[in-house]
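The values are calculated or read from the model by the stated rules, or taken from the named source; none is laboratory data. This structure is a prediction, so every number in the text was calculated from the model and none was measured. Because the Cβ atoms are built from the backbone with ideal geometry, glycine has one as well, and the counts that use them run over all protein chains shown.
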Amino acid sequence: MKIGITCYPTYGGSGAVATELGIELAQRGHEIHFISYAQPFRLPHFMERIYFHEVETARYPLFEHHNYSLALSAAMHETTLRHGLDLLHVHYAIPHATSAWIAKEMLGASHPLKIVTTLHGTDITLVGQERSWFDITKFSMGKSDGITAVSDYLKRETVDHFAIPADDIEVIYNFIDPRLYDRARHPCHKDALVRPGEMLVLHVSNFRPVKRIRDVVRIFERLNRSVPSRLVFVGDGPDRPLATAEAEALGISDRVIFLGKQDSVAELMACADLLLLPSESESFGLVALEAMASGTPVVATRAGGIPEVVEEGVTGHLGDIGDVETMASAAVDILSDPARWSRMSEDAKRIAVDRFAADTIVPQYERYYQRIIDGP
Ligand code: GMT
């Protein structure tokens, strides 16, 4: 198949999934055309059968705002015509599904292009439910030939809030490449980050309010009272100052390390002892899966799609949103008992590979594409 993929190319789970899907599909013989305003961050070098088409936004004094959505439609239209794409797979509904629909309308009957939209989370739970975005999100989903959601939870949210028929949404979970997320494969950087005998606790996110960054610091502070540890933050975003302030207020600044944005987190996951993800909402929690695949247990909230990824008591522990005490004592339980940690680490790896390996999930996308191309 010849497939166009559009995603947010910067840091974030939806861009990571879209890019890794494109790479996996190219390795399976498909021709992949990424169409976006920048090269996706997890597409670092030349790969056979992968092309990148940069969307240029025209500048003109009259245009006070960049017309990215229209420029994207034009690029989708041109790439489809020039390369004979069979299907556009857009990740994150707004504006990508809308732009794809415009491109399809421009092509008309001359080129029967199919559109698959993958919903990733905040496109439905936050952006799509803002009054001003609701109608266009619903409209654009309705114009897609196929819709996938990354968890049962996200499918339910979409059905409930947008009245999209349940049969129109296919759940296809996010995935990992088990060869990449592998503790044994990477050099251990633990000595560079923590002192001997200390535990390395990791949090990876875009530091948006939905991640409850202050809870990350509060859980860590309670854990650190009984298990000497350091908290390593990866990523950046609007709430980073809150993390700094909370660490200062709790007197643990010296135990918190900010590494900023990193292209690849596999090496860090592989030397972490625990991942914290106390989010308010999470459609899936890709970082939790990446941690599990690396043999790193997870302490997270029982929010959104997280319980579909993290199995309570087996691959980590779940607490209610904001229940810092419960999550901290779960973290202590895991890290103060080496036998328990080893069991969880092994189970986390096993479950991640058994349920969410690329070899299991990517063929689901291939079958879905074929179904959409063949039509009803
Ligand atoms: O976590 C974010 O805020 C980024 C967002 C994105 O669109 O990149 O992540 C969403 O998509 C990921 C990949 O499917 C999911 O693993 C995240 O759970 C989801 N985030 C939320 O639902 C908050």
- Do we have any residue at all in the range 255-267 that's among the basic types (Lys, Arg) and touching a residue at least 40 places away in the same chain (Cβ under 8 Å)? yes
- Within the range 53-74, which residues are in contact with a His (Cβ under 6 Å, 6 or more places away or on another chain) and aliphatic (A, V, I, L, M)? none
- Residue, nearest to the ligand (Cβ to nearest atom), within the range 70-86, restricted to residues that are buried (at least 21 other Cβ atoms within 10 Å of the Cβ) and of a type in the set (A, V, I, L, M): 72
- Exactly one of 298, 309 is out of contact with any His (no Cβ under 7 Å at 6 or more places or on another chain) and within 15 Å of residue 326 (Cβ to Cβ), and that one is 298
- May I ask you to verify whether residue 292 is buried (at least 21 other Cβ atoms within 10 Å of the Cβ), touching an Asp or Glu at 6+ places or on another chain (Cβ under 6 Å) and either within 20 Å of residue 186 (Cα to Cα) or not assigned by TED's automatic domain parsing to the domain that holds residue 349 (or both)? no
- Item | Selection from the range 269-283 of residues that are over 19 Å from residue 228 (Cα atoms) and touching a strand residue (DSSP E or B) at 6+ places or on another chain (Cβ under 6 Å) | 277, 278, 279
- Restricted to the range 266-289 and to residues being surrounded by fewer than 22 Cβ atoms within 10 Å (Cβ to Cβ) and within 14 Å of the ligand (Cβ to nearest atom), the residue nearest to the chain's Cα centre (by Cα) is 281
- Return the only residue of 53, 91 being under 28 Å from residue 164 (Cβ atoms) and either surrounded by 14 or more Cβ atoms within 10 Å (Cβ to Cβ) or out of contact with any strand residue (DSSP E or B) (no Cβ under 9 Å at 6 or more places or on another chain) (or both). 91
- Task: Output yes when any residue across the range 49-69 is within 16 Å of the ligand (Cβ to nearest atom) and aliphatic (A, V, I, L, M), and no when none is.
- Result: no
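Checking the structure you have, find out if any residue of the range 118-128 is among the β-branched types (Val, Ile, Thr), more than 10 Å from the ligand (Cβ to nearest atom) and either in a strand (DSSP E or B) or modelled with pLDDT of 95 or more (or both).
no
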- Give the range 28-83 a look and list any residue that's acidic (Asp, Glu) and either in contact with a Ser or Thr (Cβ under 8 Å, 6 or more places away or on another chain) or closer than 21 Å to residue 103 by Cα (or both), or say none. 31, 54, 56, 78
- Message: Go through the range 290-306 and report how many residues are β-branched (Val, Ile, Thr) and away from the ligand (no atom under 12 Å from the Cβ).
- Response: 3
- Determine whether residue 264 is of a type in the set (S, T, N, Q) and within 20 Å of residue 11 (Cα to Cα). yes
- Residue check for residue 147: within 16 Å of the ligand (Cβ to nearest atom), touching a strand residue (DSSP E or B) at 6+ places or on another chain (Cβ under 7 Å) and assigned to a strand (DSSP E or B): yes
- A careful count of residues in the range 1-48 that are surrounded by fewer than 22 Cβ atoms within 10 Å (Cβ to Cβ), on the phi > 0 side of the Ramachandran plot and within 16 Å of the ligand (Cβ to nearest atom) gives 0
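Within the range 76-103, which residues are touching a helix residue (DSSP H, G or I) at 6+ places or on another chain (Cβ under 8 Å) and not aliphatic (A, V, I, L, M)? Show your work before the answer.
To start, the set of residues in the range 76-103 that are touching a helix residue (DSSP H, G or I) at 6+ places or on another chain (Cβ under 8 Å) comprises 76-77, 80-81, 85-103.
Once the filter is applied, which keeps residues that are touching a helix residue (DSSP H, G or I) at 6+ places or on another chain (Cβ under 8 Å) and not aliphatic (A, V, I, L, M), the range 76-103 yields 77, 80, 86, 89, 91, 92, 95, 96, 98, 99, 101.
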- Six or more apart or on different chains, Cβ under 7 Å: which pairs go from a residue in the range 201-222 that's outside the structural domain of residue 126 (by TED's automatic domain parsing) and within 25 Å of residue 16 (Cα to Cα) to one that's more than 16 Å from the ligand (Cβ to nearest atom) and aromatic (Phe, Trp, Tyr)? Could you list them? 201/220
